[in-house]
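Accompanying notes for the structure given below.
The values are calculated or read from the model by the stated rules, or taken from the named source; none is laboratory data. Quick caveat, the model's predicted, so the values are computed rather than measured. Cβ coordinates were reconstructed from backbone atoms using ideal geometry, including for glycine residues, and neighbour counts include every protein chain displayed.
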Amino acid sequence: MNTLNLKVIRDIKARKGMFLAVTFIIFLGIAIFSSFYMSYMNLQETYNYFYEQTDFEDISINFNRAPEDIVKEIKKINGIKEVEGRISLKGFITIQNQRAVLKLISIPDEQPRVDKLVVVEGNYMAKNSKSVLLLKKFADYHDIRVGDVIHININGGEVRLEVSGLVYSPEFIWVVEESEFITTPRTFGIAYVPQKMLEEFGYKDEINEVKITVYDKRSRDEILNRALKILRPYTVINYYTVEDQPSNKLLKMDLDGFKELSILFPSFFLLISVFAVYVLLTRLIRSQSGNIAVLRALGVSKQTILQHYLKHSLFIGVSGSAVGVVVGHLSAIVLTAQYTAILNIPFYLTKVHYDVMAYGFIAGLTIPLISGFIAAKHAAELEILYGLKGYSEQTFRGIDVKRFSKLPVLVRLSIRNLFRNKKRTAYSTFSVIASIVLILSSMVFLDSMDQALDLQFNKVLAYDMDVKFNGYVNESLLKEIKSLKGVKEAYPLINTWILIERGGNSKSISLIGLEYQNLYKIYDDRGNIHMPPPEGLILPELISSNLSIVRQEKVEFLTEFGIRKAEVYDIIQIPLTPVSYANLDELQKILGIKGFNGVILNVDPDAREEVKSRLEKYKEVLRVDLIEDIEEDILELMSFFYIFIFFSLFFGASLGFASIFNTTTVNILERRREIATLKMLGYTTKELAYTLVIENFLLGLGGIVVGLPLGHLSARVFLNSFQSELYSIPFVIYPITYVLTIILVMVVLFVSLIPGIMYIHTMEIEKVTKEIVS
Amino acid sequence: MLKLDDVWKIYRMGVVDVVALKEVNLELGKKEFVVVLGPSGSGKTTLLNIIGGIDVPTKGRVVFNGLDISKLSENDLTLHRRRNIGFIFQFFNLIPTLTARENVMIAAELVKEPMDVEEVLGIVGLRKRADHFPSELSGGEQQRVAIARALVKKPPLILADEPTGSLDFETGKEVLKVMREINEKEGITIILVTHNSVIASMADRVIYLKDGRIDKIVENETPVDADELRW
Ligand SMILES: Nc1ncnc2c1ncn2[C@@H]1O[C@H](COP(=O)(O)OP(=O)(O)OP(=O)(O)O)[C@@H](O)[C@H]1O
Ligand SMILES: [Mg+2]
């Protein structure tokens, strides 16, 4: 090997800690980029493949009831590929004293033409048999196997069905129960039953849902409108194209999140690496300026010097990004597997994304090469004569040291050092700032989520239990419930939905009708309480801004009872899932009904289970939920989210550590003559360490002063990029988080000094002085 | 082989001009061992740097084997140094992460037909210490590595600026011995700069510099052996 190349390797070996730190930053950036981006691609390909295999719907329309033959009518619309008409009803089953709501969907004798099922256990049912297919996750959760017989309660009647198979459906990759805060297999499942069987529940030769596939995706809206025209006479309840299909919409949101993070997060690392490579190489070149001058005097060309120092950053780039894309690929597989494991999907696809690898590799190579080039250019342009005169340590200019003359010498030395190499001080401060920004941008999710859940479960939902009825019930049932032993308070409520249409844009949203009471409060995201409005509706800001609705405006909307009109009383920011509110009496008037479909209860802790099981005996009761169970479900669902936050925190801290370690070590090496001199003068390692600690403390202080407000700002931006029309989380960072961040940054600053202090401790003075001479 | 024709070097320091070299005329032949002597600031290093092509004259011509190097481009100057010049400095400037042998190899790789690295290490008497790193060598040993590094390219001209400047008397003498040896055995012209007048007695010719001007040139009919130097 060429001896100059040998020198590259020796240079790197001699400073392996620093090269490793910088390479690690590149590695992290590229690994995060490629693992997120590849996960995004894996997931997208997985969904698309599943959708293709199962003829996933393009359009869905729900209506009250229509003759089965309407399907033939719809099918005539130009551009439609297939139409499937079906009946969808609610039922429930009781498993080990636990009641779970089932969405019952009718299926034909053969696979449906739209939204085909993937049977993973058992069989698609035999003709006209009394059998049922269950969504796999639901069956697994309740330990229901193929061949088991389950009793399903539909509209007050009970049917016995044999489980013939376990399935997945493209419609329910994410299972979302309408107007529920959270959906878990504990309380909600999907069941497919033969069409003939559901017809017996008042739908003889009738359907209430159509699912449509089209040939050309661009014609969806037009076809939807034409189908709606046909179905108008049958009271359309809800409709959407595939972009608004609940499961698909949630998947899409997460996909976008993956994609966004894959760019946003690594940018930090690559930006830091630009500085890190520059600092490392500049330091290396400066310490070798004498060598460079001699080499040039011997006849080594500028070009060769430039290439020589480019090779150092080439090494950083190649090793960092090569390992990065490989680790990225592997962790993308893990991430894809872990993520799809929480979904309802029978498989996941992963492959080697050579294109993403290439992008990652090129990015991870180009970035250090660019800053390496700037540094190497300096080396090549070094004046031989200047280099030969020997590198004299930079003299100190720019700050009035006398101002600090009251401070001890070692403290003055620290301050002086900070001002001596301003570029590096700036970079160190920048590393501290970037670490704080990353930490706060991750922590904001924990804090905001924590506060939102606290608000939801300790303030908004102050009740212990809520009851949902099969339909609307009247006061006498409420009286009965109030008289149950252990029930302290009980209030009626209406939990329904509305669909508002505006200029071709339509939004469906939950509507809750409340009395004046204390168990269910309306909070905005600032923590202010709002009363149920005396008239009209309270709309969430998210919806009103989307549909450009203003206060006092009269809006028309679709309800389960047909089209209605009401005034918008107020518009507020509602945390988490957007909900609209009305006064119970007012809502009854608007809808033109009597009664209510839910009750919220405050129950003695000891009597809760008892009350729950007694309530479940009422034939009107669809389900009873304990708030504490829901809270538990949420925490369980959030575990993936917490792992995610943990990793980003870990990455943020590693980035900070790597870059601060790098600059601290460079700082010590650059000053070893000075440190050797001080040692010779009789300063102890402890005293020298003290100056370094002070120096890093000051650095940290500077970084914190800028980093905290900047981190606050970027946390806001990060959080906002995750807000959607499905949920919004009010922004909060707890004071303790700031304190912990400061402590963490300081600890990193001090720990990164340890190798340097050990070096000073074991430093052989005569070796250093000898090097000074040569 | 080398001819300097009315060479001037003026450093512009703001408004004041520092005249480092004035009206220097000089002619050197092959295989000569020349010592440049003069007090500090007299322009010795400047002269050497201009001859070696790491500095350019403000005025005048420097002709090396018929080639006017004062007119060369940056790139051609580099090539000139690569082929024709070996440098030895007061500060050895060895690469600390390369062994003695590797420090020599780095120069050997610059030319098509270098001398054998082991042979060169033998000449400077460093065969045994070839695998040591600079920090493990004494000052004299380090300077001998630097000499080997200059020699290995087999240049017709070696320029040495105070090569004994940071060495003690005994080590200095050994280094000078090696230099005289390669001058005689390899037929390489050597220009050695020093302000130590004792060293002048081992030269074929002594050039006295004073205030940037050649004060006098003295031919030495009977140069003494480096061994016999005393200071
Ligand atoms: N880069 C420069 N800029 C300005 N003046 C310079 C520069 N280099 C040298 N000089 C001046 O030119 C004159 C000659 O310098 P030179 O280094 O050649 O002296 P020297 O004979 O080698 O001295 P010494 O024995 O101390 O090394 C001195 O007055 C010096 O100050
Ligand atoms: Mg000099």
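Here is how the numbers come out for the structure above:
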item	result
Residue tally, condition at pLDDT below 90 and under 25 Å from the mean Cα position of the chain (by Cα), over region A:147-184	9
Candidates A:ILE292, A:ILE223 - the one that is within 14 Å of chain B (Cβ to nearest Cβ), at pLDDT 90 or above and outside any strand (DSSP E or B)	A:ILE292
Scan of region A:749-774 for residues that are among the aliphatic types (A, V, I, L, M), modelled with pLDDT under 85 and surrounded by 15 or more Cβ atoms within 10 Å (Cβ to Cβ), ordered by number	A:ILE760, A:MET763, A:VAL768
Of all residues making up region B:165-218, the number that are part of a strand (DSSP E or B), touching a residue at least 12 places away in the same chain (Cβ under 8 Å) and not aliphatic (A, V, I, L, M)	7
Single condition B:VAL18 does not satisfy, out of (1) in contact (Cβ under 8 Å) with a residue 12 or more places away in the chain; (2) within 16 Å of ligand 2 (Cβ to nearest atom)	(1)
Residue match in region A:209-231 (condition: touching a residue at least 60 places away in the same chain (Cβ under 8 Å) and at positive phi)	no
Selection status of A:ASN238, touching a strand residue (DSSP E or B) at 6+ places or on another chain (Cβ under 9 Å) and either over 19 Å from A:GLN44 (Cα atoms) or surrounded by 21 or more Cβ atoms within 10 Å (Cβ to Cβ) (or both)	yes
Helices (runs of 4 or more DSSP H) wholly inside region B:1-110 that include at least 3 residues being away from ligand 1 (no atom under 12 Å from the Cβ) and within 14 Å of chain A (Cβ to nearest Cβ)	B:74-84, B:100-108
Selection within region B:118-128 - under 21 Å from B:THR164 (Cβ atoms) and surrounded by fewer than 18 Cβ atoms within 10 Å (Cβ to Cβ)	B:GLY125
Flag for B:ASP211 being within 16 Å of ligand 2 (Cβ to nearest atom), within 14 Å of another protein chain (Cβ to nearest Cβ) and at pLDDT 90 or above	no
Scope region A:165-190; condition in contact with a Phe, Trp or Tyr (Cβ under 7 Å, 6 or more places away or on another chain), under 23 Å from A:ASN97 (Cα atoms) and in a strand (DSSP E or B); matching residues	A:GLY189, A:ILE190
Filtered residue count, region B:40-59, keeping only those that are surrounded by 18 or more Cβ atoms within 10 Å (Cβ to Cβ) and away from ligand 2 (no atom under 16 Å from the Cβ)	2
Top-ranked residue in region A:197-224 [being more than 34 Å from the chain's Cα centre (by Cα) and surrounded by fewer than 14 Cβ atoms within 10 Å (Cβ to Cβ); ranked as farthest from A:ARG160 (Cα to Cα)]	A:ASP205
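Residues are listed down the side, and each one gets a yes or a no for (1) more than 30 Å from B:GLY86 (Cβ to Cβ); (2) out of contact with any Gly (no Cβ under 8 Å at 6 or more places or on another chain); (3) polar (S, T, N, Q):
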{"position": "A:PRO266", "(1), (2), (3)": "yes, no, no"}
{"position": "A:VAL274", "(1), (2), (3)": "yes, yes, no"}
{"position": "A:VAL323", "(1), (2), (3)": "yes, yes, no"}
{"position": "A:ALA332", "(1), (2), (3)": "yes, yes, no"}
{"position": "A:ALA341", "(1), (2), (3)": "yes, yes, no"}
{"position": "A:THR350", "(1), (2), (3)": "yes, yes, yes"}
